[in-house]
Amino acid sequence: MAQSKRCYYEVLQVTRTVEFEEIKKSYRKLAVKHHPDKNPGDPTAEERFRELAEAYDILSDPEKRAAYDRYGHAAFQGGMGGGGMHDPFDLFREMFGAAGGGGGIFDHFFGGGGGGDNGRGSDLRYDLQITLEEAFSGCEKEIELRKLDACGTCEGTGAAKGAKVSTCSLCKGRGQVVASRGFFQVAQPCPQCRGEGRTIDKPCRDCRGEGRAEKTSRIKLTIPAGIDEGSRLRSSGGGEAGVRGGGKGDLYVVIHLKEHPVFSREGTDLHCTVPIPFVTAALGGEIEVPSLSGPVKMKVPAGTQGGSDFRLKGHGMPRLQSVAKGDLHVRLEVEVPTKLDENQRKALEAFAELCGDHNTPIHRSFSERIKDLFA
Ligand SMILES: [Zn+2]
Ligand SMILES: [Zn+2]
């Protein structure tokens, strides 16, 4: 009956000596990755998700962790581990403070940070799609998002009108309590006042004392010229409000570029293909090629072959925070005329008669090569 259970440290991908903050960070990261909602059709996702919750449940509790370190999984046989164990989905919601649900949960962003930010609001992530033109010249954008902001009724304090605010009886206003963890004494946020050092007798009804409520906010963003796919802009304080006036999280805006019908981008360089008539390719001439700052004149040398690449210096994308620009690479495609009328056909036939082998050296050398091949 005893199934081989994976080591909890292994499940959470942390070492045995790691601090609590690391365990929490790792759980948050992995729980998002393995959340069944995020892995539809993968039957093992839920199992992994439950495994993570169980491992977190044990390792986040100093007593249970100590027991696990000594006795391994045997410490929790006979149901002790099950008693008081979190439902994995409840735990997830608790960890992410998700108010509304509905998929918005994955908008939370777990970049670096972490540690010592008790009561601070979550960081948020917003994916923004812009055009290549907007990335070229830079732009202003206004985005709209639902997030937890300071409650309007209590202005973020969490206290109802006329509520009495008193010093927390458990931590005596210090906001921290000292707990023993193995040999160490560790200061932890006070569970009664959640680290604030004070308690409120009548919490605000609208936010149930949290000091924050979900609202739609509009945020103005300045997108710098030259921004590329996957770039992250940080709007300091643009994330969620903290609990009862705790610090605001940050908003990370991740930039995505829409596909462009003419240009493709590679760093600061742009690429495009321009068709030219075969007469222009033969005789040479000046053509206009598109660029993101308007048409650019380009010389086509006489005798240009299809597929030739030309580089127009400084007509690519701007470098971030610089006046320098990348290059525009133009590939010429030679268009052979179709639907010839009688006169045109005759003119071309006359032209063909005037042509000798020396007019088509590529064709000639190829003919010679295949001649050797079949000799
Ligand atoms: Zn309120
Ligand atoms: Zn307290």
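The values are calculated or read from the model by the stated rules, or taken from the named source; none is laboratory data. The shown structure was predicted, so the numbers you read here are calculated from the model rather than taken from an experiment. Quick reminder, even Gly has a Cβ in these numbers, built from the backbone with ideal geometry, and neighbours come from all protein chains shown. Surface accessibility is based on the protein's heavy atoms, side chains included, excluding ligands, DNA and RNA. Shrake-Rupley method; radii C 1.70, N 1.55, O 1.52, S 1.80 Å.
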Among the DSSP H helices of the chain, those whose Cα atoms extend at least 15 Å along the helix axis and whose mean Kyte-Doolittle hydropathy is -1.0 or higher are 43-59, 342-354, 361-374
Rounded to a whole number, what % of the accessible area of the chain do carbon and sulfur atoms account for, probe 1.4 Å?
51 percent
Protein chains only, probe 1.4 Å: how do 125, 265 rank by accessible area, largest first?
125, 265
Sorting 223, 328, 237 by the position of each Cα along the dipole of the chain (Lys, Arg +1; Asp, Glu -1; all at Cβ), the one nearest the positive end of that ordering is 237
Report the extension gain between residue 128 and residue 232 in nm, rounded to one decimal, defined as 0.36 nm multiplied by the number of residues separating them, less their alpha carbon distance.
36.4 nm
Local electrostatic count, residue 250, Cβ distance below 9 Å [Lys/Arg +1, Asp/Glu -1]
+1
Taking the alpha-carbon centroid of each part, what is the distance from the stretch 280-317 to the stretch 1-44 in angstrom?
56 Å
Two decimals is fine: what's Rg over Rh for the stretch 225-288, C-alpha atoms, Kirkwood radius as Rh?
1.40
Ordering 192-202, 276-286 by per-residue average of other C-beta atoms within 10 angstrom, highest first, gives 192-202, 276-286
Length gained when the stretch residue 145-residue 4 is fully extended (0.36 nm per residue, less Cα-Cα span)
46.2 nm
Given the C-alpha centroids of the stretch 167-189 and the stretch 356-373, what is the distance between them in whole angstrom?
88 Å
Cysteines not pairable in the chain (beta carbon separation under 4.7 Å absent):
7, 139, 272, 355
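Return the percentage of antiparallel bridges among DSSP beta bridges fully within the stretch 241-366, rounded to the nearest 5 %. Before the final figure, lay out each step's value.
Working: 13 of 21 bridges.
Counting DSSP beta bridges with both partners in the stretch 241-366, the antiparallel share is about 60 percent.
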Per residue solvent-accessible surface (Å²) - the chain, probe of 1.4 Å
61 Å²
Per residue, the convex hull volume that the Cα atoms of the chain enclose (Å³):
279 Å³
Positive-end residue, the chain charge dipole about Cα centroid, Cβ charges, pick of 365, 271, 166:
166
Semi-axes in Å, largest first, for the stretch 228-372 (Cα gyration tensor, √(5λ)) are 52, 16, 14
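What's the local net charge at residue 70, with K and R +1, D and E -1, over the other residues with C-beta under 13 Å away?
Values: positive: 16, 64, 65; negative: 63, 69.
Residues close to residue 70 contribute a combined charge of +1.
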Would you kindly find the accessible area of residue 167, with a 1.4 Å probe and non-protein molecules such as ligands, DNA and RNA excluded, rounding to the nearest 10 Å²?
100 Å²
Considering only the chain, percent of DSSP beta bridges that pair antiparallel, nearest 5:
75 percent
Specify the residue with the greatest mean-square fluctuation among 356, 326, 316, computed from a Gaussian network of the chain linking alpha-carbon atoms under 10 Å apart.
356
